[in-house]
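Engineer: Below you'll find the structure I mean.
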Amino acid sequence: PDFSQAAARVLADAAARAKDRGGVAPIDLLLALLEDGSRAAEILQAAGYDADRLLTDMPLASDDGAADLLFAVTTEARRVARRAGGEIEVATEHLLAGLVTAVPQVGERLAARGLDLETLVEPASVGL
């Protein structure tokens, strides 16, 4: 599936944040998702995240290195979107789910707040 306009905007914003470092880190993508105001932002906010909380709670880098992060996240996001019912587009919540899958530390920290992979792609389960 292709990326929604919001998902494409988030990916571009994350890349712009990381431009001087040579690659996107998990925190770049998380902040871009939060600040975009789309579905993933609603999910993060419902879990009590704002920019300050993300900066203190989430890993700033991934163990696999920044070069492979976007590839891993977008690959997983496409897989999640397909599995969620053959979605026509990869939306921001799929990017967030892809990040959870690609970077286990992010998944662990979100799980501690009651968000797991299924919660991320099921809007009713986060109470929004």
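The values are calculated or read from the model by the stated rules, or taken from the named source; none is laboratory data. This one's a predicted model, so the numbers in the text were calculated from it and none came from an experiment. Neighbour counts are summed over all protein chains in view; Cβ atoms, including those assigned to glycine, are modelled from backbone coordinates with ideal geometry. Surface accessibility is based on the protein's heavy atoms, side chains included, excluding ligands, DNA and RNA. Shrake-Rupley method; radii C 1.70, N 1.55, O 1.52, S 1.80 Å.
Engineer: Compute the FRET efficiency between GLN5 and THR75 as 1/(1 + (r/R0)^6), taking r as their Cβ-Cβ distance and R0 = 22 Å, and round to the nearest 0.05.
Structural biologist: After rounding, the FRET efficiency stands at 0.65.
Engineer: With every protein chain kept in the model, how would you rank PHE3, PHE71 by accessible area, 1.4 Å probe, largest at the top?
Structural biologist: Ranking PHE3, PHE71 by accessible area, largest first, yields PHE71, PHE3.
Engineer: Let me ask another. Can you pull the accessible area of ILE88 for me, 1.4 Å probe, Å² to the nearest 10?
Structural biologist: Looks like 140 Å² after rounding.
Engineer: Shifting gears a bit: Evaluate the distance, in nm, between pseudo-label points positioned 7 Å from the Cα of LEU55 and of ARG83 along their respective Cα→Cβ axes.
Structural biologist: Taking the two extended label points, one gets 3.4 nm.
Engineer: I've got another one for you. Any idea what the relative contact order of region 15-54 is, in percent, if you count C-alpha pairs under 8 Å spaced at least 6 apart?
Structural biologist: Reported as a whole number, the value is 29 percent.
Engineer: I'd like the accessible area for ASP116: 1.4 Å probe, protein heavy atoms, all chains in place, Å² to the nearest 10.
Structural biologist: 80
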